[in-house]
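This report refers to the structure that appears directly beneath it.
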Amino acid sequence: MSRIGRQPVAVPAGVKVRIADGKVFVEGPKGAKLEQAVHRNMRIEFDENAKAINVIRPDDGRENRSLHGLTRSLIANMVQGVTKGYERRLKIEGIGYQARMEKKAIVLTVGYANAVKLDPPENITVELPDATTILVKGWDKQKVGQFAAEIRHVRPPEPYKGKGIRYEDEKVRRKEGKSFASGG
């Protein structure tokens with residue numbers, strides 16, 4: 001059995017869960033709504049008394065074993081998303097590199113001739129505590145991670161000077177530049 005797949009997903013108070021038509025619908029206390037399609041082999045059961053969601057697989061086939069833990073993790077991410085939410089922090093390093101907000105869009109000035117403007121997807125908010133810190137927040141873990149990756153992709157950190165956009169906890173491996181030997 002999958003160690004992750006067999007653990008029930010605890011549903012906190014105030015979270016509504018509905019299972020219908022091969023989909024799981026989760027609604028949080030702050031009005032957040034998420035839905036996830038589930039593979040037809042996986043069976044989802046919601047225990048009203050224990051306030052828990054269980055994922056059950058039909059057999060120990062290779063595909064079903066891999067889907068078991070995945071399905072449980074996706075549902076657990078939905079429940080956490082509607083209660084606490086997700087956030088990703090990015091840092092901008094480099095002289096003159098900065099970010100600013102233009103309505104809901106984020107505008108990055110990172111060494112190109114023109115500034116790069118990115119519009120966040122639906123239900124994703126972007127905050128700028130300062131000009132070099134970007135905070136991406138939302139309910140859906142996949143959308144938050146994807147938009148943070150798109151921001152980082154504009155100017156990934158380079159290994160020589162460390163300039164670029166990186167995740168806050170990311171370590172950039174530095175390289176030594178060219179050494180000029182005195183050729184006499």
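The values are calculated or read from the model by the stated rules, or taken from the named source; none is laboratory data. Note that this is a predicted model, so its numbers are computed, not measured. Note: ideal-geometry Cβ built from the backbone for every residue, glycine included; neighbour counts use all protein chains shown.
The residue pairs whose first member lies in the stretch 108-137 and is within 20 Å of Glu93 (Cβ to Cβ), whose second member is assigned to a loop (DSSP other than H, G, I, E, B) and among the aliphatic types (A, V, I, L, M), and whose beta carbons are closer than 8 Å, counting only pairs six or more residues apart or on different chains, are Leu108/Ala115; Thr109/Ala115; Val116/Val110.
Residue count for the stretch 3-24 under the criterion of being among the small types (Gly, Ala, Ser), surrounded by 14 or more Cβ atoms within 10 Å (Cβ to Cβ) and more than 22 Å from the chain's Cα centre (by Cα): the result is 0. Against the condition without any contact (Cβ under 8 Å) to a residue 40 or more places away in the chain and either assigned to a loop (DSSP other than H, G, I, E, B) or within 21 Å of Ala149 (Cβ to Cβ) (or both), how does Asn77 come out, does it pass? Spelling it out, it is not the case that Asn77 is without any contact (Cβ under 8 Å) to a residue 40 or more places away in the chain and either assigned to a loop (DSSP other than H, G, I, E, B) or within 21 Å of Ala149 (Cβ to Cβ) (or both). Looking across Val154, Val136, Val144, one residue alone is surrounded by 14 or more Cβ atoms within 10 Å (Cβ to Cβ) and over 27 Å from Gln36 (Cα atoms). It is Val154. Looking only at residues that are free of Cβ contacts under 8 Å to residues at least 40 places away in the same chain and in a strand (DSSP E or B) in the stretch 36-60, which one is nearest to Gln142 (Cα to Cα)? The residue in question is Ala37.
Scanning the stretch 25-44 for residues that are charged (D, E, K, R), modelled with pLDDT of 85 or more and under 20 Å from the mean Cα position of the chain (by Cα) yields Glu27, Lys33, Glu35.
If we scan the stretch 107-129, do we find a residue that is surrounded by 13 or more Cβ atoms within 10 Å (Cβ to Cβ), farther than 22 Å from Lys33 by Cβ and either among the aromatic types (Phe, Trp, Tyr) or under 13 Å from the mean Cα position of the chain (by Cα) (or both)? Checked the stretch 107-129: no residue is surrounded by 13 or more Cβ atoms within 10 Å (Cβ to Cβ), farther than 22 Å from Lys33 by Cβ and either among the aromatic types (Phe, Trp, Tyr) or under 13 Å from the mean Cα position of the chain (by Cα) (or both). Within the stretch 68-84, is even one residue at pLDDT below 90 and buried (at least 16 other Cβ atoms within 10 Å of the Cβ)? Looking for residues that are at pLDDT below 90 and buried (at least 16 other Cβ atoms within 10 Å of the Cβ), one finds at least one in the stretch 68-84, hence yes.
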